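A quick write-up on the structure given underneath.
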Amino acid sequence: MGKEIICKSCGASFDEDLVRCPYCGSGHLPAEENEHMQKLEDIRRDLQDYETENVKKPGRKLAKAIILILLVVAVIVAIVIAGIWMSGNKERDKREQKKDDFLKNQGISTQVEDSGR
Ligand SMILES: [Zn+2]
């Protein structure tokens, strides 16, 4: 309960929380304004709640889904790259082996030629 105020119309004192004077029924502006502002505030809060529930939450879900998809894609790409790299290494190893064998053969033949001199 607020403090007592004097009615501008009839001069009676009544609680300032009352929207209207209980004696003459004339409007008490600050209380009326407060009630109006309270309604506006309620609407604003409702709108905020609506926005939070219908815009922000799905946005977070979408962001999480995008992050999850990116992680999955990154893992798949890493596996594919690892597979290519491994198979590439194997191919290179085979080629290196062939080159080594060829060089060994050449080396042996060169050695044979050298020892022949
Ligand atoms: Zn009054």
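Structure data summary
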quantity	calculated
Proximal charge balance of S13 [Cβ under 15 Å; K/R count +1, D/E count -1]	-1
Rg to Rh, two decimals, where region 4-116 supplies the alpha carbon set and Rh follows Kirkwood	1.89
Other-chain or far-sequence residues with amide H under 5 Å of R20's (modelled H)	H28
Inter-probe distance in nm under a simple model that places probes 7 Å from Cα toward Cβ, at K61 and E4	5.8
Point-to-point label distance, A78-K104, nm (Cα→Cβ direction, 7 Å offset)	3.9
Gain on full stretching of the segment that runs from E53 to I69 - 0.36 nm per residue minus C-alpha separation	3.4 nm
Of L62, F14, H36, farthest towards positive along the dipole that unit charges on Lys, Arg, Asp, Glu beta carbons give region 4-116	L62
Sum of side-chain charges, I67 neighbourhood, beta-carbon under 12 Å (Lys, Arg +1; Asp, Glu -1)	+3
Hz values of 3J(HN,Hα) by residue in region 14-24 - Karplus curve (6.51, -1.76, 1.60), Gly and Pro given as x	8, 5, 5, 6, 6, 6, 10, 5, x, 9, 10
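Just so you know, all these numbers are worked out from the coordinates, no wet-lab data involved. Worth saying up front: this structure is predicted, and the values here are computed from it rather than measured. FYI the Cβ positions are ideal-geometry reconstructions off the backbone, even for glycines, and counts take in every protein chain you see.
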